[in-house]
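K.L.:
Take a look at this one; I'll ask things after.
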Amino acid sequence: MDISTGKSSIARPARRTGRRSLLVLAVATALAAGLTPAATAGPAPSAGARLHDGRVELPVGGGTATIDPATLRVDARTDDGRTLRVSDPAADAPGRPGHVTVSGQGARWSYPGRGLNAEAHVEHGRLLVTITADRDARLAWPVTGSDPAASALQLPRGEGLSLPVADPFWNSSRAQLVGSEEDMASQLTLPVWGYTLGGGRGVSYLSPTDIGTSLAYASQGGRLRTTARHTFSAGDATHAYTVAFALTDGSPVAPAVDYRHWLAEHGRLGSLGDKIRANPETGRLLGAFHAYAWGGARRAAGVDRLMSLGVSRLWLGYDADDAPMTAADVAAAQRAGYLVGPYDSFANGRAKGPDTPPNSVWPDGVYPAFCVRRADGTPQPGFHKQGCYLSSQAFEQAEPQRHYLADRTRSLVGNGAASYFLDVDAAGELFRDHDTAHPMTMAQDRANRLARMRRIADGTYDTARRAPLVLGSEAAGSWANQVLAFDHGSGTPVDGRLWPMETGHFDTAPDQPKDDPAWGGYTPAGAPDTFFRPVRVGDFKPEHRAAVADALRAMYDPAYRVPLYETALHGSLVNAERWELPFGKLPEQKTTRALLAMLYNTPLNFVLSDQDRRNDQNLRELAALQRYFAPLHQAAGTQELSSFAWLTADRSVQRTVFGDGTLTVTANFGTAAHDGLPGGCVDATLKGGEPRRLCPAKVVS
């Protein structure tokens, strides 16, 4: 059984034509049955824009889009005669529009009362509309999901979710979605969302101007609705707002398909193959699982143990502490075919003390001189409210003379490490810095982070050696895909209750005693419980178990999971789950997480220590799962995820295809067999080969 709305084949991006616009609101329409947006995107239709009954009509690929300047309501009429509601009127009326001028392929109008200007034109099969503000303002628009045919909402939390709009769980307080609002720049991994409308139709929304933009969730009549909200701010340099609407084939990954093509059209899609050619060490990521090492796992003897178990590829990282891997340890890992990378962060500064992490200590008064300053002049509190967040602008200004970042990087890879994990930079909250010595907008913060990550990746941080490093970062936003080889975190659709689970503060403030210590803390030093202690729902206090169960359901229920991130970025970088959620941390989710990793062709993340009493079990599981994964990822890790499908109505059986059939993977998350594939198992077939089966429950416990 093939569920028609659950299958998408990804076409190559069409050649970009027509004039370009820096600031656009795009409506990209592709309505040939069963095709994704870019499959039909091409030169714009010959007919131009026209004004009809006060509304602007523009022919786009596959139909006609209509915008009402009085309200910003957007509708579309497809070539086969179907009418779709793309957006309700703006939640906060933009005001009375001025005269609408239509010429050639576009139209212009303004909202004098609010200082807003709009320009619409057709380009590359898309309707592009620019909205700019000449004063600080807010706009709640588009208002989406109101079409009666809407059946599912696609949301890029972590790897991605596709939520039935009438699902009781997601419409309830148990999911903690309704009533919340997420920042597109830091809380969503891709600046997109979308709806399936049934009948082979859908709508995708893309906001390249993600800074200053958020997505709010509501339930109306028991159905999920979304509203984008943008803040126009001269001080934050967010005076332009862009949204791209694409009419799609209704696939649950269609928004990511459209975004991948948008990235390619704008020269913003990276290539892992190119990164390997530029730095062959990057090739060691193919087929590798990822692991953070403590204790003896950092030593050559630990590497030898992994080799003896048949682990052929591994990214091996270690925390910033007083026991790093030595040159001999790194050399042993490299001989084994592994990559070694120290953990670092440029984000925090603190006064030196007995408990201060080494990477928060800087020379020459960097702390507090480089602190980000808020509007009231106070420092922006750092991680766990300690010290401060450091300004990337202050570092960029100082770097040519003082080399603080280059010196830090050189010191950490002096042992011969060929990789580097830089926390926060590709993911974290962006800052506006009000310090007059190093003023900075959030956009400049992002640009600074990209610049310093690029220097690490291409080796120009060290002009003498120019030794590139295989760079990874935290939960990489799509904007960082070109400079990174891997990330830890974007594979996890984080639920807000994960932080109370990890910190033990469900009902107490962070500076008060924990009210539930089930997750564990940062002791013992050789195998910290926060990483190594397995935790089950039943380990939490009775009053917290329901919340924990709901959070884990929101994160890992395969019926809701879809590979949006991989559809957009597989073949650009390697994506894994967060490091504080290693494979062994959640025993009740092991089978599901293993199946998802194989289905999405993404590595699992482990923690290793000879001081962990479960070390032997952990190593055996890593070896067995990596042995299955390695040839699949080596073949397809540089390929795009070209197709995703649900094979059963309950979504329990799912299939992915990579490249031009390079790899086909079918995972059965259910309990009953499907076409000979047992429940809880996965089959993977390389082109021209026979299916290879993995049943994780047989190798993990």
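K.L.:
Mind listing whichever residues of segment 307-330 are within 20 Å of residue 626 (Cα to Cα) and over 30 Å from the mean Cα position of the chain (by Cα)?
P.N.:
To start, the set of residues in segment 307-330 that are within 20 Å of residue 626 (Cα to Cα) comprises 307-318.
Answer for segment 307-330, where residues must be within 20 Å of residue 626 (Cα to Cα) and over 30 Å from the mean Cα position of the chain (by Cα): 307, 308, 309, 310.
K.L.:
Got a number for residues in segment 371-392 being of a type in the set (Gly, Ala, Ser), within 27 Å of the chain's Cα centre (by Cα) and within 20 Å of residue 355 (Cβ to Cβ)? Working first, answer last.
P.N.:
In the first step, residues of segment 371-392 are kept if they are of a type in the set (Gly, Ala, Ser); the result is 375, 377, 382, 387, 391-392.
Going one step further and asking which of them are within 27 Å of the chain's Cα centre (by Cα), we end up with 382, 391-392.
Keeping just the survivors that are within 20 Å of residue 355 (Cβ to Cβ) gives 382.
Adding up the residues that qualify gives 1.
K.L.:
So, one more: Just the residues that are farther than 30 Å from residue 234 by Cα and of a type outside the set (Ser, Thr, Tyr), please, taken from segment 137-156.
P.N.:
Restricting attention to segment 137-156, the residues satisfying the condition of being farther than 30 Å from residue 234 by Cα are 145-154.
145, 147, 148, 149, 150, 152, 153, 154, listed by residue number.
K.L.:
Still on this structure, I have one more. Only one residue in 451, 437, 426, 417 is in a loop (DSSP other than H, G, I, E, B) and out of contact with any Gly (no Cβ under 8 Å at 6 or more places or on another chain), so which one is that? Give the steps one after another, and end with the answer.
P.N.:
Values: 451 fails: in a loop (DSSP other than H, G, I, E, B); 426 fails: out of contact with any Gly (no Cβ under 8 Å at 6 or more places or on another chain); 417 fails: out of contact with any Gly (no Cβ under 8 Å at 6 or more places or on another chain).
Only one candidate passes the filter, namely 437.
K.L.:
Could we say that residue 251 is farther than 29 Å from residue 655 by Cα and part of a loop (DSSP other than H, G, I, E, B) here? Give the steps one after another, and end with the answer.
P.N.:
Details: farther than 29 Å from residue 655 by Cα: no; part of a loop (DSSP other than H, G, I, E, B): yes.
Taking the combined requirement at face value, the residue does not satisfy it.
K.L.:
Okay, next question. Would you kindly identify the strands (runs of 3 or more DSSP E) lying entirely within segment 52-124 that contain at least 3 residues that are closer than 26 Å to residue 198 by Cα, in the same structural domain as residue 261 (by TED's automatic domain parsing) and under 30 Å from the mean Cα position of the chain (by Cα)? Break it down stepwise before answering.
P.N.:
Values: elements: 55-60, 63-68, 73-78, 83-87, 101-103, 106-111, 116-123.
Qualifying strands (runs of 3 or more DSSP E): 73-78, 83-87.
K.L.:
Moving on to the next point. Which one is nearest to the chain's Cα centre (by Cα), of the residues in segment 347-370 that are modelled with pLDDT of 95 or more and β-branched (Val, Ile, Thr)?
P.N.:
Filtering segment 347-370 for residues that are modelled with pLDDT of 95 or more and β-branched (Val, Ile, Thr), the one nearest to the chain's Cα centre (by Cα) comes out as 361.
K.L.:
Being of a type in the set (Gly, Ala, Ser), farther than 25 Å from residue 573 by Cα and surrounded by fewer than 19 Cβ atoms within 10 Å (Cβ to Cβ), is that true of even one residue in segment 313-327?
P.N.:
yes
Table: residues versus (1) more than 20 Å from residue 490 (Cβ to Cβ); (2) modelled with pLDDT under 95; (3) in a strand (DSSP E or B).
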position: 185; (1), (2), (3): no, no, no
position: 188; (1), (2), (3): no, no, no
position: 196; (1), (2), (3): yes, no, yes
position: 204; (1), (2), (3): no, yes, yes
position: 214; (1), (2), (3): no, no, yes
position: 226; (1), (2), (3): yes, no, yes
position: 229; (1), (2), (3): yes, no, yes
position: 236; (1), (2), (3): yes, no, no
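K.L.:
Restricting the search to segment 248-275, which residues are at pLDDT 95 or above, polar (S, T, N, Q) and closer than 19 Å to residue 162 by Cβ?
P.N.:
Passing the criteria: only 251.
K.L.:
Turning to a different aspect of this structure: If we scan segment 352-366, do we find a residue that is touching a residue at least 60 places away in the same chain (Cβ under 8 Å) and touching a strand residue (DSSP E or B) at 6+ places or on another chain (Cβ under 9 Å)?
P.N.:
Just the residues of segment 352-366 that are touching a residue at least 60 places away in the same chain (Cβ under 8 Å), to begin with: none.
No, segment 352-366 contains no residue that is touching a residue at least 60 places away in the same chain (Cβ under 8 Å) and touching a strand residue (DSSP E or B) at 6+ places or on another chain (Cβ under 9 Å).
K.L.:
Follow-up question, since we're still on this one. Can you tell me which residue in segment 591-621 is nearest to residue 655 (Cα to Cα), limited to those that are hydroxyl-bearing (Ser, Thr, Tyr) and either without any contact (Cβ under 8 Å) to a residue 12 or more places away in the chain or surrounded by 21 or more Cβ atoms within 10 Å (Cβ to Cβ) (or both)? Let's see the steps before the verdict.
P.N.:
Residues of segment 591-621 hydroxyl-bearing (Ser, Thr, Tyr): 591-592, 600, 602, 609.
Still in the running and either without any contact (Cβ under 8 Å) to a residue 12 or more places away in the chain or surrounded by 21 or more Cβ atoms within 10 Å (Cβ to Cβ) (or both): 600, 602, 609.
On the way: 600: 9, 602: 14, 609: 35 Å.
Going through the qualifying residues, I end up with 600.
K.L.:
Looking only at residues that are surrounded by 22 or more Cβ atoms within 10 Å (Cβ to Cβ) and among the hydrophobic types (A, V, I, L, M, F, W, C) in segment 144-164, which one is farthest from the chain's Cα centre (by Cα)?
P.N.:
By that ranking, first place goes to 150.
K.L.:
Looking only at residues that are closer than 22 Å to residue 93 by Cα and in a strand (DSSP E or B) in segment 125-135, which one is modelled with the lowest pLDDT? Quick ask: steps written out before the conclusion?
P.N.:
Of the residues in segment 125-135, the ones closer than 22 Å to residue 93 by Cα are 127-135.
Cutting the leftovers down to in a strand (DSSP E or B) gives us 127-133.
Numbers: 127: 77, 128: 80, 129: 80, 130: 84, 131: 95, 132: 97, 133: 98.
The qualifying residue modelled with the lowest pLDDT is 127.
K.L.:
It is to be established whether one or more residues within segment 497-517 are in contact with a strand residue (DSSP E or B) (Cβ under 7 Å, 6 or more places away or on another chain) and under 26 Å from residue 160 (Cα atoms).
P.N.:
Let us first name the residues in segment 497-517 that are in contact with a strand residue (DSSP E or B) (Cβ under 7 Å, 6 or more places away or on another chain), namely none.
No, segment 497-517 has no match at all.
K.L.:
In segment 297-333, how many residues are of a type outside the set (A, V, I, L, M, F, W, C), touching a strand residue (DSSP E or B) at 6+ places or on another chain (Cβ under 7 Å) and part of a helix (DSSP H, G or I)? Explain how you work it out, then say what you get.
P.N.:
First, the residues of segment 297-333 that are of a type outside the set (A, V, I, L, M, F, W, C): 298-299, 302, 304-305, 308, 310, 312-313, 317-319, 321-322, 324, 326, 329.
Still in the running and touching a strand residue (DSSP E or B) at 6+ places or on another chain (Cβ under 7 Å): 298, 302, 317-319, 324.
Checking which are part of a helix (DSSP H, G or I) leaves us with 298, 302.
Matching residues across segment 297-333 total 2.
K.L.:
Right, here's the next one. Only one of (1) outside any strand (DSSP E or B); (2) in the same structural domain as residue 125 (by TED's automatic domain parsing); (3) among the aliphatic types (A, V, I, L, M) fails for residue 276. Which number is that?
P.N.:
(2)
K.L.:
Could you grab the pairs with beta carbons closer than 9 Å, sequence gap of 6+ or different chains, first residue in segment 255-279 and closer than 22 Å to residue 635 by Cα, second one among the β-branched types (Val, Ile, Thr) and surrounded by fewer than 21 Cβ atoms within 10 Å (Cβ to Cβ)?
P.N.:
none
K.L.:
What pairs come out if I take residues in segment 284-297 that are charged (D, E, K, R) and pair them with residues that are surrounded by 24 or more Cβ atoms within 10 Å (Cβ to Cβ) and in a strand (DSSP E or B) whose C-beta lies under 8 Å away, six or more apart or interchain?
P.N.:
284/315; 284/339; 284/470
K.L.:
Here's something else I'd like to know. Is it fair to say residue 552 is surrounded by 24 or more Cβ atoms within 10 Å (Cβ to Cβ) and aliphatic (A, V, I, L, M)?
P.N.:
On the way: surrounded by 24 or more Cβ atoms within 10 Å (Cβ to Cβ): no; aliphatic (A, V, I, L, M): yes.
So residue 552 fails the test.
K.L.:
Hey, could you check segment 353-392 for residues that are assigned to a strand (DSSP E or B) and touching a Cys at 6+ places or on another chain (Cβ under 6 Å) and say which is farthest from residue 451 (Cα to Cα)? Let's see the steps before the verdict.
P.N.:
Residues of segment 353-392 that are assigned to a strand (DSSP E or B), as a first pass: 371, 373, 379, 381, 388-390.
Still in the list and also touching a Cys at 6+ places or on another chain (Cβ under 6 Å): 371, 379, 388.
Details: 371: 19, 379: 24, 388: 22 Å.
Selected residue: 379.
K.L.:
Could you tell me which residue of segment 645-677 is nearest to the chain's Cα centre (by Cα), considering only residues that are part of a loop (DSSP other than H, G, I, E, B) and buried (at least 16 other Cβ atoms within 10 Å of the Cβ)? If you could, list the steps in order and put the result at the bottom.
P.N.:
Initial filter on segment 645-677 (part of a loop (DSSP other than H, G, I, E, B)): 647-652, 659-662, 669-673, 675-676.
Subset that is buried (at least 16 other Cβ atoms within 10 Å of the Cβ): 647-648, 651-652, 659, 662, 669-670.
Values: 647: 25, 648: 27, 651: 23, 652: 24, 659: 21, 662: 24, 669: 23, 670: 27 Å.
Here the residue is 659.
K.L.:
Filter segment 330-376 for residues that are exposed (fewer than 14 other Cβ atoms within 10 Å of the Cβ) and more than 22 Å from residue 525 (Cβ to Cβ) and give the result.
P.N.:
335, 351, 363, 364, 365, 375, 376
The values are calculated or read from the model by the stated rules, or taken from the named source; none is laboratory data. Source: prediction; values computed, not measured. Positions of Cβ are generated from backbone atoms using ideal geometry, with glycine treated the same way; all protein chains shown enter the neighbour counts.
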